1. If I filter region 109-140 down to residues being among the basic types (Lys, Arg) and loosely packed, with under 10 Cβ neighbours inside 10 Å, which single residue comes out as farthest from ALA93 (Cα to Cα)?
2. Could you identify the single residue in LYS21, LYS11, LYS47 that is buried (at least 16 other Cβ atoms within 10 Å of the Cβ), near ligand 1 (Cβ under 10 Å from one of its atoms) and modelled with pLDDT of 95 or more?
3. What residue, of SER97, SER89, is open to solvent by 50 Å² or more (accessible area, probe 1.4 Å) and within 16 Å of ligand 2 (Cβ to nearest atom)?
4. If THR64 passes every condition in (1) open to solvent by less than 30 Å² (accessible area, probe 1.4 Å); (2) touching a residue at least 40 places away in the same chain (Cβ under 8 Å) but one, which one does it miss?
5. Return yes when ALA72 is open to solvent by less than 30 Å² (accessible area, probe 1.4 Å) and in a helix (DSSP H, G or I) and no when it is not.
6. Could you give every pair whose Cβ atoms fall below 7 Å, whose first residue belongs to region 1-24 and is farther than 21 Å from VAL105 by Cα and near ligand 2 (Cβ under 10 Å from one of its atoms), and whose second residue is open to solvent by less than 80 Å² (accessible area, probe 1.4 Å) and part of a helix (DSSP H, G or I), counting only separations of at least 6 or pairs across chains?
Amino acid sequence: MSHDPDCIFCKIIDGEIPSFKVFENEKTLAFMDINPVSPGHVLVIPKYHATDLMHIPTDWLKATVAMAQTVARAVDKTLNPQGINMLQSNGPAAGQSVFHLHVHVIPRAAGDKLRFNWGIVPGDMDAIGAIAERIRANVA
Ligand code: 5GP
Ligand code: ZN
């Protein structure tokens with residue numbers, strides 16, 4: 001299993017850094033983004049350290065995308081957003097800031113001001129934890 005002890009997301013997988021977990025299985029982990037661009041912003045990662053789409057083995061990518069679908073369905077059921085983006089960035093110019101492949105699941109509202117490369121704004125941890133608990137209850 002590929003692992004990087006200096007990687008922040010590998011540390012989250014190992015439990016070295018705390019996170020609001022939504023769901024996990026053998027190959028993947030879903031947890032709340034702590035700088036949510038909208039309420040219910042979830043990250044899905046493979047439990048395999050690969051920097052990006054070019055480096056991830058296909059079976060791990062498939063497992064990650066399948067988990068993103070499971071999470072998107074739970075987010076949809078929980079928050080009933082008007083839309084959901086599934087977003088994955090490769091390289092700093094594309095807005096990637098953490099170099100362990102991840103998929104964003106982002107609830108959207110019509111007319112919201114969200115744009116690519118949105119910038120980091122720390123979230124309210126109590127609010128993030130509360131939404132995590134609600135989404136968790138809807139993972140099927
Ligand atoms: P990227 O910009 O690489 O597409 O997305 C990385 C995401 O990871 C950002 O949305 C950022 O808020 C999130 N992030 C960075 N550090 C942490 C952390 O320690 N915990 C959590 N839960 N999310 C993080
Ligand atoms: Zn990693």
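The values are calculated or read from the model by the stated rules, or taken from the named source; none is laboratory data. In this text the structure is predicted, and so the values were computed from the model without any measurement. As a convention, Cβ positions derive from the backbone with ideal geometry for all residues, glycine included, and neighbour counts pool all protein chains shown. To get the accessible areas, we keep the full protein, side chains included, count just its heavy atoms, and leave off ligands, DNA and RNA. Shrake-Rupley method; radii C 1.70, N 1.55, O 1.52, S 1.80 Å.
1. Checking each candidate, the answer is LYS113.
2. Values: LYS21 fails: buried (at least 16 other Cβ atoms within 10 Å of the Cβ); LYS47 fails: near ligand 1 (Cβ under 10 Å from one of its atoms).
Step by step, each of LYS21, LYS11, LYS47 is checked, and only LYS11 is buried (at least 16 other Cβ atoms within 10 Å of the Cβ), near ligand 1 (Cβ under 10 Å from one of its atoms) and modelled with pLDDT of 95 or more.
3. Within the list SER97, SER89, the selection yields SER97.
4. Failed condition: (2).
5. Yes, satisfied.
6. Listed pairs, sorted by first residue: HIS3/CYS10; ASP4/CYS10.
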